[in-house]
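Reading through the structure tokens given below for one structure.
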Amino acid sequence: MNIQDIRDMFPILNQEVNGNSLVYLDSAATSQKPTSVIEALDQYYRQYNSNVHRGVHTLGTKATDGYEGAREKVRKFINARSTEEVIFTRGTTTALNTVAASYGRANLAEGDEIVITYMEHHSNIIPWQQLAKATGATLKYLPLQEDGTISLEDVENTITDNTKIVSMVYVSNVLGTINPIKEITKIAHKHGAVMVVDGAQSTPHMKVDVQDLDCDFYAFSAHKMCGPTGVGVLYGKKHILEHMEPVEFGGEMIDFVDLYESTWKELPWKFEGGTPIIAGAIGFGAAIDFLEEIGLDKIEAHEHTLAQYALHRLSEVDGCTVYGPSKRAGLVTFNVNDVHPHDVATVLDADGIAVRAGHHCAQPLMKWLNVSATARASFYIYNNEEDVDRFVSSLIKTKEYFSNVF
């Protein structure tokens, strides 16, 4: 399957923006959706829309089969041991908040430590800030190397026997840094800490094996991997999840309700209160089918090639600063001298090129980089070198325009 065949599967790409064919370079924010995912959602709503787990009629059975079938697809996709370890959530943010609110509040106390990094998305900072305030635990930050990577020596020096939780991104949404999660997990476990991984930017782009990583929790979202918005996954080791309390209460997650006491269903349903994200999960399953048909190894190799090509082309742009290591995931974050990132994004948009500008929900990292904002171009399976060339050509035009204006 060549790139053009893949591009043809994404109907949104077949349009013009401001009189130019669309170049979509914002997949780190959300990916586009292939026809197969759109059709899976449409089929659910047209043919078997029903609630799950409750009814015995035909539509309810088909919806339940679709919903739980998607859970099994997720299990295989990340190589979890059991579907009991796969909890559907509203996304990565909800998954991380669930860990902090349930596991964290039950297991942390004053004097304990939570270790994260400067490169975290706000969704992997604020829950731990709140947990530290609620329990008296101390929030610690791993230092970064000059190129935005993590040194295992620093990990060894930062994590102590008082550390109870280590949480970090697998792939940075700003720097493109790919963190050595497996090695960091070993260090965390050596000190008795649990390892939480924000997999929002890794799961769409590389093969993930949670058993091989040995992490205790792993969170990711469907919408960044060709699936619908509003659905994601919290993976957790079964023996940990079994001892955690749910954070949402109501229908679907209960076993028995009396006037003053209630009991919960078994895993994974005790964490899925209310009517679940049925259509989203079914669409998520279709997205997994799509990605596996292409192959995660091919996706990773393609994006690596594009990122390296983009780095090469950006090196030709005078006054362009690129942030992050040379070995990176499929994105480039940059600034152009004397041009605000929002101005860069606005002019690129006039040429039909969609990039992201701002702090990328990573303000502590912006402070570490000593900038207020950056621009970011992020790549996926439907991008090619022609997209990069159009992006760089427009960027050069942007720089020249502002040089003449000012």
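The values are calculated or read from the model by the stated rules, or taken from the named source; none is laboratory data. Computed from a predicted structure; not experimentally measured. Backbone-built Cβ (ideal geometry, glycine too); neighbour counts: all protein chains shown.
Brief remarks on what is shown
- Condition met for Gln145 (part of a helix (DSSP H, G or I), in the same structural domain as Gly236 (by TED's automatic domain parsing) and polar (S, T, N, Q)): no
- Matching residues, segment 297-354, being acidic (Asp, Glu) and surrounded by fewer than 22 Cβ atoms within 10 Å (Cβ to Cβ): Asp297, Glu300, Glu316, Asp318, Asp338, Asp343, Asp349, Asp351
- Complete set of residues in segment 359-386 that are over 18 Å from the mean Cα position of the chain (by Cα) and closer than 20 Å to Asp343 by Cα: Met366, Leu369, Asn370, Val371, Ser372, Ala373, Thr374, Ala375
- Any hit, segment 234-246, residues being within 28 Å of Leu41 (Cα to Cα), out of contact with any helix residue (DSSP H, G or I) (no Cβ under 7 Å at 6 or more places or on another chain), assigned by TED's automatic domain parsing to the domain that holds Asn107 and surrounded by 12 or more Cβ atoms within 10 Å (Cβ to Cβ): no
- Qualifying residue in segment 33-48 (condition: in contact with a helix residue (DSSP H, G or I) (Cβ under 9 Å, 6 or more places away or on another chain) and among the acidic types (Asp, Glu)): yes
- Contacts under 6 angstrom Cβ, first residue in segment 209-224 being at pLDDT 95 or above, partner part of a strand (DSSP E or B) and of a type in the set (D, E, K, R), 6 or more apart: Ala219/Asp198
- Residue match in segment 303-310 (condition: assigned to a helix (DSSP H, G or I) and assigned by TED's automatic domain parsing to the domain that holds Phe220): no
- Just one of the numbered conditions (1) in a helix (DSSP H, G or I); (2) more than 19 Å from the chain's Cα centre (by Cα) is not true of Ile299: (2).
- Subset of segment 117-137 [loosely packed, with under 15 Cβ neighbours inside 10 Å and not in a helix (DSSP H, G or I)]: Gly136
- Of the residues screened, Asp349 is one that is acidic (Asp, Glu), under 11 Å from Leu395 (Cα atoms) and either in contact (Cβ under 8 Å) with a residue 60 or more places away in the chain or not assigned by TED's automatic domain parsing to the domain that holds Val392 (or both).
- Selection within segment 1-60 - among the hydrophobic types (A, V, I, L, M, F, W, C), over 22 Å from the mean Cα position of the chain (by Cα) and in a loop (DSSP other than H, G, I, E, B): Met1, Met9, Leu22, Val52, Val56
- Positions within segment 267-303 being modelled with pLDDT under 95 and small (Gly, Ala, Ser), in sequence order: Gly273, Gly274
- Of all the numbered requirements in (1) within 13 Å of the chain's Cα centre (by Cα); (2) more than 20 Å from Val197 (Cα to Cα), Glu261 misses one, and that requirement is (1).
- Any hit, segment 373-383, residues being surrounded by fewer than 22 Cβ atoms within 10 Å (Cβ to Cβ), within 30 Å of Pro180 (Cα to Cα), of a type in the set (Gly, Ala, Ser) and in contact with a strand residue (DSSP E or B) (Cβ under 7 Å, 6 or more places away or on another chain): yes
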